[in-house]
Protein chains: 2
Amino acid sequence: MDYSLIASMMGRLWSPIAAVGSHWQGRSNVQIAVAIAASSIVPSKPRVSIQIYKNNHSHDMIYGSKAFALSFLGTDQLDYLHRFGFVSGRDKDKLESVPYHTASTGSPILDACWGYMDCRVVNAMDGGDMTCFLGEVLDGRTWSRSGPMWWPDVRRTMPREWNDEWDAKIAGEIALSQERMERIDYSPWKP
Amino acid sequence: MDYSLIASMMGRLWSPIAAVGSHWQGRSNVQIAVAIAASSIVPSKPRVSIQIYKNNHSHDMIYGSKAFALSFLGTDQLDYLHRFGFVSGRDKDKLESVPYHTASTGSPILDACWGYMDCRVVNAMDGGDMTCFLGEVLDGRTWSRSGPMWWPDVRRTMPREWNDEWDAKIAGEIALSQERMERIDYSPWKP
């Protein structure tokens, strides 16, 4: 099918930008995600679902620890987007010299952010190239009155070289995802 | 936890309003959903995920047919929101006298909408009260230049009696969801 015919709809189905923190086997990491959805209508049992690409270092950490924390970036935190979203935690300690604290799940939460949610995984679904984790929100708080950061806005405001850097990175990820999307494993997630 | 502390974040994690069409065992139905997320970074393999409450008539139709179609409502389609979102397809043929056509999956697509996507289910995850379906987009098109309809906007513009009607309906659904959320079945979905 011709993607351009649905692009404007798809563009409305991504979430605000979150730094996703995880902690497993003594290490902490943060990655960027924009595929997050509200997943509960019950205020006393808030839930969110989040899609994490299997190629990401954070994927195995979230799968292993069964936990993650979302720190939604504020509109003025472009530096964090670059720091957490453009390199892998396999190559670098992305949290070095970043002020953060540790949530009850052990996941790192940025001291400076629009707001955070600390989550425990209650189920997961394989998408081939990614896993969709369903998380129960254990704790959270909105810190800032400024709105969250949205990817389409960032694309227009970030430096040209970052856009080029991103395009190169995402091209590799698209190729990998395309190859992996059919390989869905239908065996159940273990709680 | 205190929901008011995360309410403004949660408010940004719902999608535009879609009329979700399904067809199973000779019957067609449409329900309203706002928990839809983009689920692919590969333009040649677009995917979306959608959460459908088990109490909805459409749930078993989507589970059975392994297909659904999204017709995103335009900002001027408040009548469709009321028609499809406030009653159950168990009680009424919601598509009677509504102009629609049939997608390749058999799911109904509204002739008038912001845009549509016809989807085949490729995986599913149990959330206790709801199922999250991962769908491959087989076909789609953006019809209108107007933007989509968002629930927070609608809340402010729809008649007061509709707001009251909605509050009464959702209160029952929240109670039911709360009771069912813990009963997650971890056995795998069958493709």
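Annotations for the structure displayed:
- Among A:Glu165, A:Glu179, A:Glu96, residue whose mean-square fluctuation peaks in a GNM of chain A (springs only between Cα atoms under 10 Å): A:Glu96
- Max mean-square fluctuation residue, GNM over chain B, Cα-Cα springs under 10 Å, options B:Tyr116, B:Tyr100, B:Tyr63: B:Tyr100
- Selected from A:Phe86, A:Phe133, A:Phe68 as most flexible by GNM, with chain A as the system and alpha-carbon contacts under 10 Å: A:Phe86
- Assigned charges on the beta-carbon of Lys, Arg, Asp, Glu; chain A dipole about Cα centre (debye): 500 debye
- Paramagnetic reach from B:Trp143 (point 7 Å along Cα→Cβ, amide N under 15 Å) across segment A:1-38: A:6, A:9
- Kirkwood-Stokes translational diffusion coefficient of segment A:68-147, alpha-carbon pairs, 10 °C, 1.306 mPa s, µm²/s: 114 µm²/s
- Calculated label separations, A:His101, copies of the chain, 7 Å along the beta-carbon direction, nm: 5.6
- Amide N proximity, segment B:88-132 versus B:Glu182 label position 7 Å along Cα-to-Cβ, cut-off under 15 Å: B:128-129
- Inter-copy label distances at A:Ser4 (7 Å, Cα→Cβ; nm, one decimal): 5.0
- Backbone HN-Hα couplings from phi across segment A:113-127 [Karplus 6.51/-1.76/1.60, Hz, Gly and Pro as x]: 6, 5, x, 9, 9, 9, 10, 10, 6, 10, 6, 8, 10, 7, x
- Counting from the shortest, the label point at B:Ile184, 7 Å from Cα toward Cβ, is 1.9 nm from the same position in each remaining copy.
- Percentage relative contact order, segment A:121-163, counting C-alpha pairs under 8 Å, at least six apart: 24 percent
- Considering chain A, its Cα convex hull presents a mean projected area of 11.8 nm².
- A compact globular protein would have a Cα radius of gyration near 2.2 N^0.38 Å; the ratio found for the protein assembly as shown is 0.95.
- Segment A:37-80 and segment B:123-174: distance between their alpha carbon centers, rounded to Å: 22 Å
- The trypsin sites (Lys or Arg not before Pro) of segment A:94-182 meeting both criteria, a DSSP state outside H, G, I, E and B (loop) and at most 16 other C-beta atoms within 10 angstrom of the site's C-beta, are A:Arg145.
- Per residue convex hull volume, Cα atoms of segment A:80-119, in Å³: 85 Å³
- Pairs of lysines in segment A:3-180 (C-alpha under 27 Å apart; 8 or more residues apart or interchain): 9
- Over all orientations, segment B:40-84 has a Cα convex hull whose mean projected area works out to 4.6 square nanometres.
- Dipole orientation for segment A:3-180: of the candidates A:Val154, A:Ala67, A:Ile52, A:Ala67 has the Cα lying most toward the positive pole (charges on Cβ; Lys, Arg +1; Asp, Glu -1).
A short reminder: the numbers here are calculations on the coordinates, not readings from a lab. Just so it is clear, the model here is predicted, and its values are computed rather than measured. Cβ: placed from backbone, ideal geometry, glycine included. Neighbour counts: every protein chain shown.
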